[in-house]
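Undergrad: This is the structure, below, for whatever I ask next.
The values are calculated or read from the model by the stated rules, or taken from the named source; none is laboratory data. Predicted, not measured: the structure shown is a model, and the values here were computed from it. Note that we place each Cβ from the backbone using ideal geometry, even for glycine, and neighbour counts take in every protein chain shown. Areas reflect the complete protein model, heavy atoms only, side chains present, ligands, DNA and RNA absent. Shrake-Rupley method; radii C 1.70, N 1.55, O 1.52, S 1.80 Å.
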Amino acid sequence: MGIIDNLEALLARGQDSALLRYSLGNEYLKSGDARTASIHLAEAVRQDPGYSAAWKLHGKALASAGRHAEAVAAFDLGIRAAEAKGDVQAAKEMHVFRKRSEKALAG
């Protein structure tokens with residue numbers, strides 16, 4: 001059983017949490033499945049809107065899927081969450097990723 005299978009088994013047993021969804025999103029993104037990653041990461045930030053790392057990864061997953069307008073919106077929310085927690089580094093990183101998605105939108 002791989003890591004994704006193990007994490008999915010935890011989810012199937014009802015052990016849902018923002019951290020589990022983040023972990024699933026991260027693993028799916030690493031495997032190249034940005035669409036499934038974005039589903040899990042959207043649920044992670046729904047469960048914990050202050051989870052800045054999940055916002056950053058959610059934006060990256062959306063951008064990887066070519067959904068740049070949604071990525072910009074996710075990065076905006078993530079930047080707010082990071083700044084509210086004092087997570088300066090995460091906010092800086094999301095500003096960089098946000099600019100990349102804006103450039104992609106501009107063509």
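Undergrad: Read phi for every residue in region 52-62 and hand back ³J(HN,Hα) as whole Hz from Karplus 6.51 cos²θ - 1.76 cosθ + 1.60, θ = phi - 60°, with x for Gly and Pro.
TA: 5, 5, 5, 4, 4, 5, 4, x, 5, 5, 4
Undergrad: May I pose another question? Carbon and sulfur: what percent of the chain's accessible surface (1.4 Å probe)?
TA: Reported share for carbon and sulfur atoms: 54 percent.
Undergrad: Same structure, new question: Give me the mean projected area, in nm² to one decimal, of the convex hull enclosing the Cα positions of region 59-107. Before the final figure, lay out the partial values.
TA: Working: hull surface 11.2 nm².
Convex hull of Cα atoms, orientation-averaged projection: 2.8 nm².
Undergrad: Among Ile4, Ile39, Ile79, what's the order by accessible area (1.4 angstrom probe), most exposed first?
TA: I get Ile39, Ile4, Ile79, largest accessible area first.
Undergrad: Still on this structure, I have one more. Considering the values (i) 61; (ii) 27; (iii) 32, which represents percent of Cα pairs over 21 Å apart as calculated for the structure under consideration?
TA: Structure-derived value, by its label: (iii).
Undergrad: Got a sec to turn the phi values of region 83-98 into Karplus ³J(HN,Hα) couplings, 6.51 cos²θ - 1.76 cosθ + 1.60 with θ = phi - 60°, whole Hz, x for Gly and Pro?
TA: 5, 5, 8, x, 8, 5, 4, 4, 4, 4, 4, 5, 4, 5, 5, 4
Undergrad: Sum up the charges of everything whose Cβ sits under 15 Å from the Cβ of Ile3, counting Lys and Arg as +1 and Asp and Glu as -1, but leave Ile3 out. It would help to have the intermediate numbers written out before the result.
TA: On the way: positive: Arg21, Lys30; negative: Asp5, Glu8, Glu27, Asp33.
Here the charged neighbours net out to -2.
Undergrad: How much accessible area per residue does region 54-107 have, in Å², with a 1.4 Å probe?
TA: Counting only protein heavy atoms, the per-residue value for region 54-107 is 55 Å².
Undergrad: While we're here: Pairs of alpha-carbon atoms within less than 8 angstrom and 6+ residues apart define the contacts here; what relative contact order does the chain have, in percent?
TA: Details: 141 pairs, mean separation 20.9, N = 107.
Relative contact order, the chain: 20 percent.
Undergrad: Here's something else I'd like to know. Once phi is turned into θ = phi - 60°, what whole-Hz ³J(HN,Hα) does the Karplus curve with 6.51, -1.76 and 1.60 give for every residue of region 26-39, x standing for Gly and Pro?
TA: Listing the rounded values in order: 4, 5, 5, 5, 4, 7, x, 9, 5, 5, 5, 4, 5, 5 Hz.
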